[in-house]
Amino acid sequence: MNSDQFKATYNADQIPNGEVTYQSPSNIALVKYWGKKKHQIPENPSISFTLNHCKTITKLSYSKRETQDEKFSFDVLLDGKENVDFKPKIETFFNRIEAYIPFLKEFHFNIITENTFPHSSGIASSASGLSALASCLMDIESQVLNLSEAERIKKTSFLARLGSGSACRSLEGELVVWGKTESIKDSNDLFGVKFPFKVHDHFKNYQDTILLVDKGEKQVSSTVGHNLMHGHDYAETRFKQAHKNLTDITAILQNGNLEAFVELVESEALTLHAMMMTSRPYYILMKPNTLEIINKIWAYRAATNSHVCFTLDAGANVHVLYPENEKAAVLEFIKTELVAYCQNGHYICDQIGLGADIV
Ligand code: DP6
């Protein structure tokens, strides 16, 4: 698989001024992407549930520039305010995708973006944000290139990956695989592909309640964390394990073995954090309340027949995952036993969703 297939040549003069709005969700990895090579190539395959409610909505207006120079021209408003942190991220994104999007320097872009989840929730908005922006750009390209829906999504995922790796898994639902794995024929390192097999009914409308343990900025960004996997003592073992877990979860998602699902998903979450704790420099993103919640979930599972489990991304918040038919009982458990460990009692109820959409 070669990135050159995503290069396009056309005359950007054909594109009139306009605007487009897309919404794109966040996703939660079951087998984690942790460690990357140059050009946003993952060290191991990953798979995620696409979320439904945690979304970024991005309106992109574009107007022809009078004069051209070597710089990109754009303004960004995040939740109604200018955001200084966001500008360099978009600059980096534009630099990485310039070779694939011929019109980037021809237009001035006005990017108005908002998240459905609170900005300071500790929920990473890079997956939803960059997949929404990539979707808008591909909508413009679709005006001049006659792309099929499948081709458009593929290139959108390819571009989103160059913005933030996990963003390439947000374009479609309900499960997306990114990174070459022997268990999935069309999987590759350049873009996400839909999980191609029939998923067991147990996983239909799977629930994800996100417990907001710490809404602060992370001390160590994911990008820095990925880089700390270079020369990490356990890196090779971890990448091998992720490959095996991807193969195993491919079977589990089809056979509906919830006990095996719980064990694999929780092990992935703890391994991710174990990699952080054993990096040089080492660091810890979990908070005391993260551990309190994990212990409560284990105790609840031991006392009931529940299949509730947890996963974590690169932060202190806990994603509580459970089948739809356990919704009433687990929500009751969350309200009575877990909310006390959330900052200001805040949590977000989400579930599996279908990916990005034009607004
Ligand atoms: C722990 O996609 O945020 O959430 O490619 O540097 O932008 P960059 O990293 P990012 O890393 C996400 C890591 C993770 C696991 C996952 O989503 O697979």
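Here are the numbers:
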| item | result |
| --- | --- |
| Residue match in region 319-327 (condition: farther than 27 Å from Gly216 by Cβ, touching a Phe, Trp or Tyr at 6+ places or on another chain (Cβ under 9 Å) and in a helix (DSSP H, G or I)) | yes |
| Check on Arg280, of a type in the set (D, E, K, R), part of a helix (DSSP H, G or I) and either more than 23 Å from Lys204 (Cα to Cα) or free of Cβ contacts under 8 Å to residues at least 60 places away in the same chain (or both) | no |
| Selection status of Ile90, within 16 Å of the ligand (Cβ to nearest atom), surrounded by fewer than 22 Cβ atoms within 10 Å (Cβ to Cβ) and of a type outside the set (Asp, Glu) | yes |
| Hey, Asn44 over 19 Å from Met138 (Cβ atoms) and at pLDDT 95 or above or not | yes |
| Test result for Asn95, surrounded by fewer than 19 Cβ atoms within 10 Å (Cβ to Cβ) and either at pLDDT 95 or above or under 25 Å from Ile41 (Cβ atoms) (or both) | yes |
| Count - residues of region 47-82 that are farther than 20 Å from Ala12 by Cβ, polar (S, T, N, Q) and exposed (fewer than 15 other Cβ atoms within 10 Å of the Cβ) | 0 |
| Total residues in region 194-226, condition part of a loop (DSSP other than H, G, I, E, B), more than 16 Å from the ligand (Cβ to nearest atom) and not hydrophobic (A, V, I, L, M, F, W, C) | 8 |
| Hits in region 25-68 (condition: within 13 Å of the ligand (Cβ to nearest atom) and in a loop (DSSP other than H, G, I, E, B)) | Lys32, Tyr33, Trp34, Gly35, Glu43, Asn44, Pro45 |
| Residue list for region 329-349, filter: of a type in the set (Val, Ile, Thr) and assigned to a helix (DSSP H, G or I) | Val330, Ile334, Thr336, Val339 |
| Flag if Leu291 is buried (at least 21 other Cβ atoms within 10 Å of the Cβ) and out of contact with any strand residue (DSSP E or B) (no Cβ under 6 Å at 6 or more places or on another chain) | no |
| Every residue from region 102-132 that is under 23 Å from Phe6 (Cα atoms) and touching a helix residue (DSSP H, G or I) at 6+ places or on another chain (Cβ under 7 Å) | Pro102, Phe103, Leu104, Glu106, Ser126, Ala127, Leu130, Ser131 |
| Pairs where the first residue, in region 211-231, is more than 14 Å from Asn317 (Cβ to Cβ) and the second is more than 9 Å from the ligand (Cβ to nearest atom) and in a loop (DSSP other than H, G, I, E, B), C-beta under 6 Å, 6+ apart | Val220/Tyr283; His226/Gly35; Leu228/Ser279; Met229/Gly35 |
| Residue in region 227-242 that is within 16 Å of the ligand (Cβ to nearest atom) and among the basic types (Lys, Arg) present | yes |
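The values are calculated or read from the model by the stated rules, or taken from the named source; none is laboratory data. Just so it is clear, the structure is predicted and the values come from calculations on it, not from any experiment. Note that we place each Cβ from the backbone using ideal geometry, even for glycine, and neighbour counts take in every protein chain shown.
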